[in-house]
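The values are calculated or read from the model by the stated rules, or taken from the named source; none is laboratory data. A quick note: this is a predicted structure, and the numbers were derived from the prediction, not measured. We place every Cβ from the backbone using ideal geometry, glycine too, and count neighbours over all the protein chains shown.
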Amino acid sequence: MSIKSDKWIRRMAAEQGMIEPFEPGQVRYGEDKSRLISYGTSSYGYDVRCADEFKIFTNVHSAIVDPKNFSDDSFVDIKSDVCIIPPNSFVLARTVEYFRIPRSTLTVCLGKSTYARCGIIVNVTPLEPEWEGHVTLEFSNTTPLPAKIYANEGVAQMLFFESDEECDTSYKDRGGKYQGQLGVTLPKT
C-alpha cells in the first residue's frame, strides 16, 4: 500500500471524477484577495472545504445520545458562512466536495493544523473502497470558549492509500448504509 501524490490525485479527479468540484492547486486567497484557510490539492493529499450547512449539537431536550436511536431533535440546523461551536460541544457539517473512492483505495481524513491549534478537532472515519458521497464532518470544540469554523474554506486533509491489489468486497458491494449520502448525514443502524 502506498500514499498517493498530487499527480495521482489530479489524474483520478480528471479520469474518474474522484473529487467534484475539484481544485488542482492550493487556494489561499478569496476572489476579494482575503486570506483563506487553504483548500485543494497538496503534495500528498487533498484539503477539503466545509459546506455552509451545519447541525449544532444542543441539549435543549435533555436527550441521551444513542447511536442506535439518534434523534434529530439533538441538533439545531443553520445555513451560514460561519458556525460558532459552543464550548465543549460539537457540530456536524459536510464537505463541499463529493467523493468517489476507487476500488483499490482507502482514504483517511486528518484535521488541519490551523483548527487543531485552536482546540477544534475534526473527526471523520475512513472512506472505504468504492464509497461515494459528501463526507460528513464532526467538529469538536475542546475549549471552554465558543469556537468559529468557516464555510467554503479548508478544514481537513484527505490522504489516499492505494493497495497493490483490489479488495474482495468493497463498501459498494456490501451495500453500505452511508453510500451516496448527500448533505449532513446523521447516524444510521
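Of all residues in segment 123-133, exactly one satisfies the criterion of being more than 17 Å from E162 (Cα to Cα) and modelled with pLDDT of 95 or more, namely G133.
Yes/no matrix, rows are residues, columns are (1) at pLDDT below 95; (2) of a type outside the set (D, E, K, R); (3) within 17 Å of K112 (Cβ to Cβ):
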| residue | (1), (2), (3) |
| --- | --- |
| M1 | yes, yes, no |
| A13 | no, yes, no |
| E23 | no, no, yes |
| V27 | no, yes, yes |
| C50 | no, yes, yes |
| S62 | yes, yes, no |
| F70 | yes, yes, no |
| S74 | yes, yes, no |
| K79 | no, no, no |
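Of all residues in segment 4-26, those that are at negative phi have Cβ atoms under 6 Å from Cβ atoms of residues that are assigned to a helix (DSSP H, G or I) and at pLDDT 95 or above, 6 or more apart or on another chain, in M18/M12; I19/A13; F22/A13; P24/R10. Suppose we keep only residues that are without any contact (Cβ under 8 Å) to a residue 40 or more places away in the chain, in contact with a helix residue (DSSP H, G or I) (Cβ under 7 Å, 6 or more places away or on another chain) and not polar (S, T, N, Q) within segment 37-64. Which one would you say is nearest to T107 (Cα to Cα)? Among those that are without any contact (Cβ under 8 Å) to a residue 40 or more places away in the chain, in contact with a helix residue (DSSP H, G or I) (Cβ under 7 Å, 6 or more places away or on another chain) and not polar (S, T, N, Q), it is F57. In segment 52-66, the count of residues that are part of a strand (DSSP E or B) and in contact with a Cys (Cβ under 9 Å, 6 or more places away or on another chain) is one or more. Identification of strands (runs of 3 or more DSSP E) wholly contained in segment 72-175 with 1 or more residues that are of a type in the set (F, W, Y) and over 19 Å from D6 (Cα atoms) yields 75-79, 90-100, 132-141, 147-150. Take the residues in segment 58-105 that are aliphatic (A, V, I, L, M) and buried (at least 19 other Cβ atoms within 10 Å of the Cβ); name whichever of them is farthest from L159 (Cα to Cα). Looking at the filtered set, the residue picked out is I85.
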